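Enquirer: Dropping the structure in here first, questions after.
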Amino acid sequence: MISRSTVTHSAIWQSLQQHHHDIQQQHMRDWFHQDPHRFERFNVSAAGLQLDYSKNRITEHTMTLLLQWANERLLPQQIESLFIGDPVNRSEKRPALHTALRNFGEREVIVDGINIMPEVRDTVRRMESFCWKIRRNQWRGYSNRPFTDVVSIGIGGSFLGPKLASSALKPFWDSRLNIHYLANIDGSHITEILKRLDPATTLFIIQSKSFGTQETLKNATACRQWFLDNGGDEDDLHKHFTAVSSNVEAAKAFGIAEDNIFPMWDWVGGRYSLWSAIGLPLALAVGIDNFRELLRGAYDMDEHFRTAPLGQNMPVIMALLGIWYVNFFNINSHAILPYDHYLRSLPAYLQQLDMESNGKSMTADGYPVDYHTGPIIWGGVGTNGQHAFHQLLHQGTHFSPCDFILPMCSHNPIDNFHAMLVSNCLSQSQALLQGKSEQEALDELIAAGMNKAEAVVLAPQKVIPGNRPSNTLYFPKTTPHSIGALIALYEHKVAAQGMLWGINSFDQWGVELGKQLGDRVLRSLQGETVANDVDGSTNGLIRAFQQMQNSL
Ligand code: F6P
């Protein structure tokens, strides 16, 4: 059992604090001058991905201390606990066995005395048969025409993973099927999706582990009504509505035929569920072979995470670097910067993965933490961000470590687009590293013809401190395998951080209060008199809603 005091109250932690104090004024630019092999020294590969972490505020000694601390925190044992199905999600008394969903090895995985692997593999075979029937037009809509559109209805982990992977793998899509994702509870979103669709050729997949999520049930009910109002019949519902859920009874009560319900299990967390039947819309888009390749990429990363020594373990290194900045540099954010149009959904996906997992203030043992935990994850696709928020990255008073994500080859190698894109990515991390001194700025201005007096005034504005850390994650191309490995890498980075911080990365109690209050606010908005212990601001906003609704 790990208690709060072992996280920060250790001799190694004190050494790290001292070491931070010793190196914080040093500039990475000098370290690169002193060490021509820094790139090779701080570089690691795993499952076809390569991580250059040389542009971090670290020395060999930093890594030695961080790794010692990770060992002291029993990280290898905690990783093993995750894989063998110990109830690491302690507040919900469950294991977190998303790794079983992509277990290509011989290993049995036991939950409550039963090997779950046969059921996992059986589900993939069911997905295969379903995909085959839809993609080969064996399963058709009520008018006997093949499906043209799939609407995936789900939110959070039942949305972000499939959405990310299906946009990442767009080059692998079967062009005959359009996949739409309906998540938000917003009349405008559902209207915009449905208005382009024909009920006779539309398949719905209701994705909800709990089958109790307000947004998903509202959207699903509205889609069913739309189907019935626009030509579909009650008897046709089973041809058009499927579900993925661990709550089979609720799915049946909603009207989904039992044969159309794909299973989910308690031991898979929502934000870790892409690898289960929640990946069905993706499998429909890219085919089951590509879906299996995605699982294979994740499995290769799992094996790496499980077996590589900590010092060559990519997720562990990324976890430790994150902790170095959060707990020693007091940095509270982390930017995700994919230089690939197909990976534009990655920041949103990682926001849920990281912030819902590690946005915690209590240890798993129930002690309030006395150190910071998960950072704010944000970001956006390059180069768009360069013309927007990168200004703060370069000259802001805060610094935010960045992950540059870079496929070296494009699926669309037209002209020199990709070289230009890559040059932007590399020069951004270079600029963050090296910065620009006042003297350099001054020399540049004078060389450009500005008179000295004006140049002296302007030069300080152009100073860029540099010494701002970044990782560059690079790989040959965005493929099912590389995307599987990439997502699993971040899953494990986040899990390793949770283990090191002593928090439970697999529950999410913080989201519950908003849901509870939401019910009561909804009743008030709709005119019901509800016991009035609501704050003045919320009451005022409820009145404003009612007045503005009535005034239009
Ligand atoms: O409210 C948060 C959450 O529980 C997420 O963790 C989950 O991914 C999402 O809601 C959707 O839940 P479900 O799949 O049960 O509809």
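The values are calculated or read from the model by the stated rules, or taken from the named source; none is laboratory data. All of these numbers come straight from a predicted model, not from anything done at the bench. Heads up, the Cβs are rebuilt from the backbone with ideal geometry, glycines too, and the neighbour counts pull from every protein chain shown.
Enquirer: Inspect all residues belonging to region 306-318 and state whether any of them is out of contact with any Leu (no Cβ under 7 Å at 6 or more places or on another chain) and either within 16 Å of the ligand (Cβ to nearest atom) or of a type in the set (Asp, Glu) (or both).
Expert: no
Enquirer: Hey, any hits in region 70-84 for a residue that's modelled with pLDDT of 95 or more, over 30 Å from residue 270 (Cα atoms) and either surrounded by 20 or more Cβ atoms within 10 Å (Cβ to Cβ) or out of contact with any Asp or Glu (no Cβ under 7 Å at 6 or more places or on another chain) (or both)? Before you say what the answer is, go through the steps one by one.
Expert: Within region 70-84, the first condition is being modelled with pLDDT of 95 or more, and the residues that meet it are 70-84.
From what is left, the residues that are over 30 Å from residue 270 (Cα atoms) are 72.
So of that shortlist, the ones also either surrounded by 20 or more Cβ atoms within 10 Å (Cβ to Cβ) or out of contact with any Asp or Glu (no Cβ under 7 Å at 6 or more places or on another chain) (or both) come out as 72.
Yes, some residue in region 70-84 is modelled with pLDDT of 95 or more, over 30 Å from residue 270 (Cα atoms) and either surrounded by 20 or more Cβ atoms within 10 Å (Cβ to Cβ) or out of contact with any Asp or Glu (no Cβ under 7 Å at 6 or more places or on another chain) (or both).
Enquirer: Continuing with the same structure: Please enumerate the residues belonging to region 494-521 that are aromatic (Phe, Trp, Tyr), in a helix (DSSP H, G or I) and surrounded by 24 or more Cβ atoms within 10 Å (Cβ to Cβ). Reasoning before the result, please.
Expert: Our first condition is that a residue be aromatic (Phe, Trp, Tyr); within region 494-521, this holds for 501, 506, 509.
Within this subset, residues satisfying the condition of being in a helix (DSSP H, G or I) are 501, 509.
Hit for region 494-521 is 501, nothing else.
Rundown of residues vs (1) more than 30 Å from residue 176 (Cβ to Cβ); (2) part of a loop (DSSP other than H, G, I, E, B), yes/no style:
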residue	(1), (2)
54	yes, yes
108	yes, yes
118	yes, no
121	no, no
141	no, yes
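Enquirer: Please enumerate the residues belonging to region 384-399 that are modelled with pLDDT of 95 or more and either more than 22 Å from residue 490 (Cβ to Cβ) or not hydrophobic (A, V, I, L, M, F, W, C) (or both). I'd like the intermediate steps shown before the answer.
Expert: We begin by selecting, within region 384-399, every residue modelled with pLDDT of 95 or more; these are 384-397.
Across region 384-399, the qualifying residues are 384, 385, 386, 387, 388, 390, 391, 392, 394, 395, 396, 397.
Enquirer: Restricting the search to region 366-422, which residues are among the small types (Gly, Ala, Ser), in a helix (DSSP H, G or I) and under 21 Å from the mean Cα position of the chain (by Cα)?
Expert: Let us first name the residues in region 366-422 that are among the small types (Gly, Ala, Ser), namely 366, 374, 379-380, 382, 385, 388, 396, 400, 410, 419.
Still in the list and also in a helix (DSSP H, G or I): 385, 419.
Hit for region 366-422 is 385, nothing else.
Enquirer: Quick one: which residue in 128, 108, 119 is over 20 Å from residue 207 (Cβ atoms) and acidic (Asp, Glu)?
Expert: 108
Enquirer: Can you pull out the residues in region 353-365 that are farther than 30 Å from residue 423 by Cα and either part of a loop (DSSP other than H, G, I, E, B) or within 16 Å of the ligand (Cβ to nearest atom) (or both)? Can you show your working first?
Expert: Here is the first cut: in region 353-365, the residues farther than 30 Å from residue 423 by Cα are 355-365.
Result: 355, 356, 357, 358, 359, 360, 361, 363, 364, 365.
Enquirer: Still on this structure, I have one more. Give the residues of region 106-146 that are polar (S, T, N, Q) and farther than 22 Å from residue 244 by Cα, sorted by residue number.
Expert: 143, 144
Enquirer: Yes or no: residue 334 away from the ligand (no atom under 16 Å from the Cβ), in a strand (DSSP E or B) and modelled with pLDDT of 95 or more? Lay out the reasoning, then the answer.
Expert: On the way: away from the ligand (no atom under 16 Å from the Cβ): yes; in a strand (DSSP E or B): yes; modelled with pLDDT of 95 or more: yes.
So residue 334 fits the description; yes.
Enquirer: Which residue, of 233, 186, is surrounded by fewer than 18 Cβ atoms within 10 Å (Cβ to Cβ), under 27 Å from the mean Cα position of the chain (by Cα) and more than 15 Å from the ligand (Cβ to nearest atom)?
Expert: From the options 233, 186, the qualifying one is 186.
Enquirer: Mind checking whether some residue in region 32-49 is in a loop (DSSP other than H, G, I, E, B), in contact (Cβ under 8 Å) with a residue 60 or more places away in the chain and either of a type in the set (Val, Ile, Thr) or surrounded by 16 or more Cβ atoms within 10 Å (Cβ to Cβ) (or both)? Write out each step before concluding.
Expert: Initially, region 32-49 is screened for residues in a loop (DSSP other than H, G, I, E, B), giving 35-37, 42, 47-48.
Within this subset, residues satisfying the condition of being in contact (Cβ under 8 Å) with a residue 60 or more places away in the chain are 47-48.
With either of a type in the set (Val, Ile, Thr) or surrounded by 16 or more Cβ atoms within 10 Å (Cβ to Cβ) (or both) added as a condition, the list becomes 47-48.
There is at least one residue in region 32-49 that is in a loop (DSSP other than H, G, I, E, B), in contact (Cβ under 8 Å) with a residue 60 or more places away in the chain and either of a type in the set (Val, Ile, Thr) or surrounded by 16 or more Cβ atoms within 10 Å (Cβ to Cβ) (or both).
Enquirer: Restricting to region 274-289, name every residue that is more than 14 Å from residue 243 (Cα to Cα) and either within 13 Å of the ligand (Cβ to nearest atom) or surrounded by fewer than 23 Cβ atoms within 10 Å (Cβ to Cβ) (or both).
Expert: 274, 287, 288, 289
Enquirer: Hey, another quick one. Any residue at all in region 145-167 that is outside any helix (DSSP H, G or I), exposed (fewer than 14 other Cβ atoms within 10 Å of the Cβ), touching a residue at least 12 places away in the same chain (Cβ under 8 Å) and touching a helix residue (DSSP H, G or I) at 6+ places or on another chain (Cβ under 6 Å)? Give the derivation first.
Expert: First, the residues of region 145-167 that are outside any helix (DSSP H, G or I): 145-155, 159.
Filter once more, keeping what is exposed (fewer than 14 other Cβ atoms within 10 Å of the Cβ): 145.
Filter again for touching a residue at least 12 places away in the same chain (Cβ under 8 Å), leaving 145.
Add one more test, that the residue is touching a helix residue (DSSP H, G or I) at 6+ places or on another chain (Cβ under 6 Å), and what stays is 145.
Within region 145-167 (the criterion being outside any helix (DSSP H, G or I), exposed (fewer than 14 other Cβ atoms within 10 Å of the Cβ), touching a residue at least 12 places away in the same chain (Cβ under 8 Å) and touching a helix residue (DSSP H, G or I) at 6+ places or on another chain (Cβ under 6 Å)), the answer is yes, since at least one residue qualifies.
Enquirer: One residue is enough: does region 465-473 have a residue meeting the conditions polar (S, T, N, Q), more than 17 Å from the chain's Cα centre (by Cα), surrounded by fewer than 19 Cβ atoms within 10 Å (Cβ to Cβ) and modelled with pLDDT of 95 or more?
Expert: no
Enquirer: Related question: Taking interchain pairs and intrachain pairs at least six residues apart, which have beta carbon atoms under 9 angstrom, with the first residue in region 405-434 and touching a residue at least 12 places away in the same chain (Cβ under 8 Å) and the second polar (S, T, N, Q) and part of a helix (DSSP H, G or I)?
Expert: 407/482; 424/386; 428/386
Enquirer: If residue 227 meets every condition in (1) closer than 30 Å to residue 355 by Cβ; (2) away from the ligand (no atom under 16 Å from the Cβ); (3) not hydroxyl-bearing (Ser, Thr, Tyr) apart from one, which number is that one?
Expert: (1)
Residues are listed down the side, and each one gets a yes or a no for (1) touching a residue at least 60 places away in the same chain (Cβ under 8 Å); (2) on the phi > 0 side of the Ramachandran plot; (3) in contact with a Ser or Thr (Cβ under 8 Å, 6 or more places away or on another chain):
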residue	(1), (2), (3)
442	no, no, no
455	no, no, no
518	yes, no, no
530	no, no, yes
535	no, no, no
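Enquirer: What are the residues in region 236-263 that are within 22 Å of residue 144 (Cα to Cα), among the aliphatic types (A, V, I, L, M) and either within 13 Å of the ligand (Cβ to nearest atom) or surrounded by fewer than 17 Cβ atoms within 10 Å (Cβ to Cβ) (or both), if any?
Expert: Selection gives 243, 257.
Enquirer: Would you confirm, using the coordinates I've provided, whether residue 181 is aromatic (Phe, Trp, Tyr), more than 16 Å from the ligand (Cβ to nearest atom) and modelled with pLDDT of 95 or more? Working first, answer last.
Expert: On the way: aromatic (Phe, Trp, Tyr): yes; more than 16 Å from the ligand (Cβ to nearest atom): no; modelled with pLDDT of 95 or more: yes.
Spelling it out, it is not the case that residue 181 is aromatic (Phe, Trp, Tyr), more than 16 Å from the ligand (Cβ to nearest atom) and modelled with pLDDT of 95 or more.
Enquirer: Okay, moving on. Please determine whether any residue of region 269-277 is free of Cβ contacts under 8 Å to residues at least 12 places away in the same chain and not polar (S, T, N, Q). Spell out how you get there, then give the answer.
Expert: Step one: list which residues in region 269-277 are free of Cβ contacts under 8 Å to residues at least 12 places away in the same chain, which gives none.
Among the residues of region 269-277, not one is free of Cβ contacts under 8 Å to residues at least 12 places away in the same chain and not polar (S, T, N, Q), which makes the answer no.
Enquirer: Out of everything in region 510-525 that is of a type outside the set (D, E, K, R) and more than 10 Å from the ligand (Cβ to nearest atom), what residue ends up being nearest to the chain's Cα centre (by Cα)?
Expert: Taking region 510-525 first, the residues of a type outside the set (D, E, K, R) are 510-511, 513-514, 516-518, 521-522, 524-525.
In the following step, the residues that additionally are more than 10 Å from the ligand (Cβ to nearest atom) were identified as 513, 516-518, 521-522, 524-525.
Values: 513: 23, 516: 26, 517: 27, 518: 26, 521: 30, 522: 30, 524: 35, 525: 34 Å.
Out of the qualifying residues, it is 513.
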